[in-house]
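K.L.:
Please see the structure below; I have some questions.
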Amino acid sequence: MILSQKITSYPGHEITPEDVKAGKYLDLVYKFEPKYSWAAGVAISRFLAELKEGRIIARKCMNCERILVPPRMYCEQCFRPTDEWVEIKDTGTINTYSISHVGTDARRLKTPILVAVVDLDGATPGMGILHNLGEVEPSKIKVGMKVKAVWKSSSERQGAITDIRYFRPIGEE
Amino acid sequence: MPLRIGIVGVGYSGFDSMTPGLSTRELMFEAATRAYEDAGVDPRKDVQSFVCCTEDFWEGISITDEYMPDQLGAVLKPLCTISSDGIVGLATACMHIMSGIADVVVVESHSKISDVVNPDEISSFALDPIYDHHVSADPRFVAGLEMARYLKETATKREYCAQVAVKNKKNALLNPRGVHGANLDKKAVLNSKVASSPLTELESSKTIDGGIVFVLASAQKAKKLGNHTVWINGIGWSSDTPWLEDRDMARAVYAEQSAARAYKMAGVRNPATYFDLAEVDDTYSYKELQSLEALKLATKGKAGKMVESGTFDRDGRLPVNASGGSLGVGHLLEATGLHRVLEAVLQLRGQAGRLQIQRAKKAVVQSWRGIPTATGAVAVLGN
Amino acid sequence: MKNRVAIVGAGMTLFRRRMLESPKELSFEATRMALDSAGLELKDIQSVVSGSAPDAFDGMHMKGEYLLDGMGGIGKPNQRVYVGGGTGVFTPIGGFWNVASGMYDTCLCVAEEKMSPLHPHPQYAFWSIFDQILERPLGTTLLWIFSLEMRRYMHKYGIKEEEIASVAVKNKGNAVDHPCAQLGAKITVDDVMNSEPICWPVKRLDVSPPSDGAAAVVLATEKVAKKLTDQPVWLDGVGWTLDSTHWTNRDLAYPEYVEKAAWMAYKMAGIKKPRKEIDIAEVYDPFDYKELHHMEGLQLAGKGEAAKMAVDGVTQRDGDLPVCPSGGLLGVGNPIAAAGMMKICEVFWQLRGEAGKRQVKKDARTGLAQAWGDLMQVGTVAVMRS
Ligand SMILES: [Zn+2]
């Protein structure tokens, strides 16, 4: 095999899993733990405060009349400040979903995580957020299914996206 | 023929030790809004390219450009990250304009260092992981090594370095952005806590938050955009070896190379007499001396003496860091170069307020990416 | 434009899960090969553009500075350009503006990635691409956005998993003829369908493997190029675009950012009918459905119609529009930035007619390489001509 007619050899040496096991090569192990305390900003601070109260808040741009969630203080389409806070519903529609068998570090999970983009009612159509699904058989999930947020109790809520445990399907009401 | 790219708009936000009320994105939106107003452009219609200068670990995000477009008005437009100092971002914008990719380019950089809990540890992880990272000291040990070598080779008096800090912190008292302005004497500087010998704490710049946005335009386009264009006439950037052990620690070789390219482009033959104003790297006191020599604004080994004698004071022959520099204003990570260009632009426009240097027409600005790099950039500006 | 830009040399290393060479050494090997193939030495190079994706892989801050000497950057103007997964194709785009602007006559463009240092798995680096406040607490993995996008794409156009799997079969098959390939193999659609689900609908064989490797090209002005070679390949059009950060607010079924980037490049290259004028395409294929999705964004297939082209064999090496004749990321491997650059190298070799067993059947005069990156967000496109 050749890369090109002019290049017939190619550099590089593979280390196989057996090499690693046999300790054939030296390596250097260290942990790098950058730490941050992020300023959430005007829009997301309010969003989190509302989650703590069991509500979902969005921002409206009066120019394009879109209701934006997650909220932001500027409209990226019009490039101008957004104008007002709008409370939207905690129900929505599954835009798309997936059944995840692996965790953050690619390790296999015992129980798969169900994830979805949920387009929220009361926001401009197509405005979704990422969240988990629950109380549903994986095989029963459908794009277009109506869902509703299942909240933690008010004493458990701390102003985080996880104040919503997950979204669960609701029948056509 | 010299380069001729117009800086037609500038905007900034922050310039504070902390900006807890705003997210990075909101901080950028403020700066961008001001820059677009200053230039008279609508980013959704008039701008063809956006360049952001950031490093992932300063942001705490892998692939930082993900979080850049919305607040700059850049959605569905060409935007990219240049992982370098803001002046390299300006160079990128110049090349976009020169190659016909764009007429109007936006360059952005910011520091949100107040979001970072362990900045020294992050800096340490820029050291070679096998050869150098085991030196578990404050990363400024590299500055200590350089400073010691510089003092030895040039026989510069130790107190001349302290005078740099005295001068710049004093200048910053006149600057509304001057977070670290102070009226000190050399003794106070020399007696402050040792950071990494011989360098002291008051000779080390302190990081602050801020966002800076520039709007650049082709010569033709710039004529139609406002009446306060400042021109980039030459620009250069360069890197010395990444191996600490291989460098000439006494010299800022990257600045020598950057300056040579920028001067050639701008047709500068005698830099020592050409400029009315210089903003040079002063991340640490001795860096200003090294940089002045690399830029040929001072004879080799004589920069300290010239600082001491007042040559580079606000009312001296060549005001250097009249803004207060990084020692007086604060250090803005990769936005540091843009900050210094901003100060020079305001001077050349005659909008520097109490900082104004009379009859300032030509300026040179130089930046360094900080420890442990040997990378820097130089821009030659004129009005 | 001031200067027409030519590619005059290319090189790459082996792509493997774990390589002995350090990031600097990998960069050096690819760079040396590119210089040799151009008949140049480092002293002939005026500027350097480097590309490498997240620093998190290496656990290193300012990776561009560290890599510099391996990439031939000492004492030279060096820019590290960075748009996530789009970086590989963006690296020569950075070189393009270095040369097209008239700033430099020659520019070395090097892309390197070493994903293996990160433990327990390179995937972990991708956790920190998500919004730190709204998304990371949900336990995100990069696979989520792919599987969510794939599901939406299938839903909107009624595309079947089997049709998508045919892309993996083609690319892994093509890679059998690539000497640097990590995962070349003759497999079937059933093999893909029966591979373990990782993040359904994404299955093991729908995904390209993490990898270590480097690739490089040398760019030059027309004047310099004509002195060096009778067969320069012209970099005639470049384009890139970023969409909004808010990926959950977007139409995931169609990559508008790729369309915008493509038209920027096509306009520059004077291409009006891409499907007719492009002879071969190295389309970004970190996942098999992504090749189809991107072909539609690139205007090489109508919306929802790329799958049929794949099933009908149009995109095979002997087809009317060969796509990923190299074997793509699915077959050759996916050391992020290096993988995008590998695509540029492949189009270079294909347009010079020297790709050996990988050479496409048709007479290829115009080629395209494309990469994608970030939060379903960035498209980078390069149009090349012989
Ligand atoms: Zn709007």
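K.L.:
Please name all residue pairs, on different chains or six or more residues apart, with Cβ atoms under 6 Å, provided the first residue is in the range A:45-73 and is free of Cβ contacts under 8 Å to residues at least 12 places away in the same chain and the second residue is within 16 Å of the ligand (Cβ to nearest atom).
P.N.:
From residues that are free of Cβ contacts under 8 Å to residues at least 12 places away in the same chain, there are no pairs.
K.L.:
Let me ask something else. Can you report the number of residues in the range B:50-66 which are open to solvent by 10 Å² or more (accessible area, probe 1.4 Å), under 14 Å from residue B:111 (Cβ atoms) and of a type in the set (A, V, I, L, M, F, W, C)?
P.N.:
Result for the range B:50-66: 2.
K.L.:
Report yes if some residue within the range C:174-186 is part of a helix (DSSP H, G or I) and not aliphatic (A, V, I, L, M); otherwise report no.
P.N.:
Yes.
K.L.:
Moving on to the next point. Name every residue in the range C:171-194 that is open to solvent by 10 Å² or more (accessible area, probe 1.4 Å), charged (D, E, K, R), more than 10 Å from chain A (Cβ to nearest Cβ) and under 30 Å from residue C:33 (Cβ atoms), in order of residue number.
P.N.:
C:186
K.L.:
Quickly run through the range B:18-31 and pick out the residues that are crowded, with 18+ Cβ neighbours inside 10 Å and more than 8 Å from every other protein chain (Cβ to nearest Cβ).
P.N.:
Listed by number, the residues that qualify are B:27, B:28, B:30, B:31.
K.L.:
Suppose we keep only residues that are among the aliphatic types (A, V, I, L, M) and open to solvent by less than 10 Å² (accessible area, probe 1.4 Å) within the range C:69-92. Which one would you say is farthest from the other protein chains (Cβ to nearest Cβ)?
P.N.:
Only one residue tops the list, namely C:89.
K.L.:
Would the range B:342-361 turn up any residue that is among the acidic types (Asp, Glu), within 14 Å of chain C (Cβ to nearest Cβ) and part of a helix (DSSP H, G or I)?
P.N.:
no
K.L.:
Additional query: Does any residue in the range A:18-36 that is farther than 23 Å from residue B:62 by Cα come within less than 9 Å, Cβ to Cβ, of a residue that is not in a loop (DSSP other than H, G, I, E, B) six or more places away or on a different chain, and which pairs are these?
P.N.:
A:24/A:18; A:25/A:19; A:27/A:20
K.L.:
Follow-up. Here is a check on your reading of the model: is residue C:136 surrounded by fewer than 19 Cβ atoms within 10 Å (Cβ to Cβ), farther than 24 Å from residue C:314 by Cβ and of a type in the set (Lys, Arg)?
P.N.:
The answer is yes for residue C:136.
K.L.:
Give me the helices (runs of 4 or more DSSP H) completely within the range C:195-289, filtered to those with at least 3 residues that are within 13 Å of another protein chain (Cβ to nearest Cβ), ordered by residue number.
P.N.:
In the range C:195-289, the matching helices (runs of 4 or more DSSP H) lie at C:256-269.
K.L.:
Among all residue pairs at least 6 apart or on different chains, which show Cβ distances below 7 Å where the first residue, located in the range C:93-107, is within 7 Å of another protein chain (Cβ to nearest Cβ) and the second is in a helix (DSSP H, G or I)?
P.N.:
C:97/B:95; C:97/B:96; C:98/B:95; C:101/B:95; C:101/B:98; C:102/B:98; C:103/B:95; C:103/B:98
K.L.:
Restricting the search to the range B:119-164, which residues are crowded, with 17+ Cβ neighbours inside 10 Å, of a type in the set (Ser, Thr, Tyr) and within 14 Å of chain C (Cβ to nearest Cβ)?
P.N.:
Those that are crowded, with 17+ Cβ neighbours inside 10 Å, of a type in the set (Ser, Thr, Tyr) and within 14 Å of chain C (Cβ to nearest Cβ): B:123, B:124.
K.L.:
Let me ask something additional. Could you check the range A:8-109 for strands (runs of 3 or more DSSP E) lying wholly inside it with 1 or more residues that are away from the ligand (no atom under 15 Å from the Cβ) and either open to solvent by 20 Å² or more (accessible area, probe 1.4 Å) or within 14 Å of chain B (Cβ to nearest Cβ) (or both)?
P.N.:
Here the list reads A:84-88, A:91-102.
Conditions tested, residue by residue: (1) at pLDDT below 95; (2) away from chain B (no Cβ under 12 Å); (3) out of contact with any Lys or Arg (no Cβ under 9 Å at 6 or more places or on another chain).
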| residue | (1), (2), (3) |
| --- | --- |
| C:38 | no, yes, yes |
| C:42 | no, yes, no |
| C:45 | no, yes, no |
| C:52 | no, no, no |
| C:57 | yes, no, no |
| C:64 | no, no, no |
| C:67 | no, no, no |
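K.L.:
Test of understanding: among C:283, C:311, C:323, which residue is over 30 Å from residue C:34 (Cβ atoms) and either in the same structural domain as residue C:349 (by TED's automatic domain parsing) or surrounded by fewer than 20 Cβ atoms within 10 Å (Cβ to Cβ) (or both)?
P.N.:
C:311
K.L.:
Looking only at the range A:141-159, decide whether some residue is away from the ligand (no atom under 16 Å from the Cβ), within 25 Å of residue B:19 (Cβ to Cβ) and part of a loop (DSSP other than H, G, I, E, B).
P.N.:
yes
K.L.:
While we're looking at this one, here's another question. What pairs come out if I take residues in the range B:346-366 that are among the basic types (Lys, Arg) and pair them with residues that are part of a strand (DSSP E or B) whose C-beta lies under 8 Å away, six or more apart or interchain?
P.N.:
These pairs meet every condition: B:349/B:230; B:361/B:382; B:362/B:277; B:362/B:380; B:362/B:381; B:362/B:382.
The values are calculated or read from the model by the stated rules, or taken from the named source; none is laboratory data. Quick caveat: nothing in here was measured; it's all calculated off a predicted structure. Please note: Cβ atoms are built from the backbone with ideal geometry, for glycine as well, and neighbour counts cover all protein chains shown. Protein only, heavy atoms only, side chains kept; ligands, DNA and RNA dropped before computing areas. Shrake-Rupley method; radii C 1.70, N 1.55, O 1.52, S 1.80 Å.
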